[in-house]
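Quick one: structure below, then a few questions.
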Amino acid sequence: MVFIPGLKDILLILYKNYKYMKVEQLRLKYVSLDYLLELSGGDADFILDMILTFLNTAPGYMTDFELLREQKDWYKMSRAAHKFKSSFSVIGSDSLTSYAAAIEKLCKEEVPDVAEMDREIGEMKSLFLQVMAELEDSVKKIKETEA
Amino acid sequence: MRILVVDDEELMLKALRFRLLKDGHSVEIAIDGREALKLIAQERFDLVITDIMLPFNNGLEIVDYIKNKSGKNIPVIILSAVGAENVVLEGFALGADDYITKPFSPVQLSVRVKRFEKATS
């Protein structure tokens with residue numbers, strides 16, 4: 001049996017393509033959505049879901065991470081930094097991934113260089129906030145297509 | 001194939017699940033090692049894809065359980081971060097069949113999983 005799309009199906013396909021095109025056209029300064037675009041295979045809703053998941057979970061992880069720093073729990077910090085690496089890389093921030101990798105390495109040293117670590121954490125946090133703001137803005141732009 | 005994916009990171013889990021479903025597989029998820037071991041003991045899987053650093057039981061314990069204790073012949077792919085090659089070697093020593101670095105290449109994941117599909121069919 002041959003599937004003949006109706007007008008509703010055609011409109012849905014056109015809408016999905018348009019939404020994906022809007023994601024492709026986003027010009028971002030702090031993150032690259034290339035990985036998510038490749039992974040999604042053209043599904044803008046998936047990309048949106050991934051960005052929203054990051055926006056909803058990452059701030060909590062960052063707060064936990066800062067608490068571990070206060071407690072000087074280097075072991076747990078190294079594990080948290082390790083987890084950050086893959087989240088940051090999926091969301092497309094190479095710089096955040098590098099900061100997380102550097103912090104993980106510092107935490108694993110026998111006597112961690114705390115001053116260096118705090119410098120890395122400070123820079124990571126500052127960039128993290130910029131990434132969050134940029135992603136929040138991207139979500140708004142993608143959602144404009146839903147109006 | 002029925003695939004168990006084990007990772008405690010939501011983004012990575014979503015990414016893997018999405019890709020594997022797109023490739024036509026059925027996907028179960030475990031967010032820690034303890035849950036994974038329970039599922040492996042109770043259910044049938046054609047493939048397990050597991051991260052190493054997990055709460056409760058780590059990925060190496062999962063590999064060890066599957067390959068040396070469970071009596072089940074399930075292929076295992078280890079998910080590892082770049083630069084964690086030593087851990088991957090430990091996984092291979094325990095019997096792991098393959099590994100994928102995070103963030104994974106979607107095409108590579110599909111191809112590597114397909115190899116096991118052929119082997120189990």
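Remind me, what semi-axes does chain A give for its equivalent ellipsoid, largest first in whole Å, using sqrt of 5 times each Cα gyration tensor eigenvalue?
Its equivalent ellipsoid spans semi-axes of 39, 14, 12 Å.
Mean residue ellipticity at 222 nm from the helices of chain B, using -39,500 (n - 2.57) per DSSP H segment of n ≥ 4 over the full residue count, to the nearest 500 deg cm²/dmol?
Helices in chain B give a 222 nm mean residue ellipticity of -13500 deg cm²/dmol.
Okay, moving on. Karplus couplings for the range A:116-125 from phi (6.51 cos²θ - 1.76 cosθ + 1.60, θ = phi - 60°), rounded to Hz, Gly and Pro as x?
In residue order, the calculated couplings are 5, 4, 5, 5, 5, 5, x, 5, 5, 4 Hz.
Name the trypsin sites (Lys or Arg not before Pro) in the range B:12-101 that are in a loop by DSSP and that have at most 11 other C-beta atoms within 10 Å, would you?
When the trypsin sites (Lys or Arg not before Pro) of the range B:12-101 are filtered for loop state and at most 11 Cβ neighbours within 10 Å, B:R44 remain.
How many lysine pairs in chain B, separated by 8 or more positions in sequence or lying on different chains, have Cα atoms less than 16 Å apart?
The number of close lysine pairs in chain B is 6.
B:V27's amide H: which non-local residues (gap 5+, or another chain) put their own amide H closer than 5 Å, with H modeled 1.01 Å from N in plane and none for Pro or chain starts?
For B:V27, the qualifying residues are B:I3.
Note the angle between two axes, namely the Cα long axis of helix A:74-91 and the longest principal axis of the Cα atoms of chain A, as a number of degrees from 0 to 90, rounded to the nearest 10.
Roughly 20 degrees, rounded to the nearest 10.
Would you grab the residues whose amide H sits under 5 Å from the one on B:A81? Only those 5+ places off in sequence or on another chain, please, with H modelled 1.01 Å from N.
B:K102
Next question, about the same structure. Taking loop as defined by DSSP and a crowding limit of 15 other beta carbons within 10 Å, which chymotrypsin sites (Phe, Trp or Tyr not before Pro) in the range A:1-93 fit?
Here the chymotrypsin sites (Phe, Trp or Tyr not before Pro) that fit, given the DSSP loop and packing criteria, are A:F3.
Would you kindly derive the ³J(HN,Hα) couplings of the range A:102-108 from the backbone phi angles with the Karplus curve 6.51 cos²θ - 1.76 cosθ + 1.60 (θ = phi - 60°), listing them in order in whole Hz, with x for Gly and Pro?
Per residue, the Karplus-derived 3J(HN,Hα) values read 5, 5, 4, 5, 4, 5, 8 Hz.
So, one more: For chain B, what is the per residue volume of the convex hull drawn over the alpha-carbon atoms, in cubic angstrom?
Given the Cα convex hull of chain B, per-residue volume reads 89 Å³.
Follow-up question, since we're still on this one. Once you treat every alpha carbon in the range A:81-147 as an equal point and sum by Debye, what is log10 I(q)/I(0) at q = 0.11, 0.13, 0.27, 0.28 Å⁻¹?
Relative scattering, expressed as log10 I(q)/I(0), comes to -0.33, -0.43, -1.12, -1.16.
Please report the base-10 log of the normalised intensity I(q)/I(0) for the protein assembly as shown, using a Debye sum with one equal scatterer per alpha carbon and no solvent, at each q in 0.08, 0.14 (1/Å).
Summing over Cα pairs of the protein assembly as shown leads to -0.37, -1.04.
Next question. Once you put a point 7 Å from the Cα of B:E43 and another 7 Å from the Cα of A:E70, both along the Cβ direction, what distance in nm separates them?
3.9 nm
Bear in mind that the values in this text are calculations on the coordinates, not laboratory data. Treat the numbers as computed from the prediction; the structure is a model and nothing was measured. As a convention, Cβ positions derive from the backbone with ideal geometry for all residues, glycine included, and neighbour counts pool all protein chains shown.
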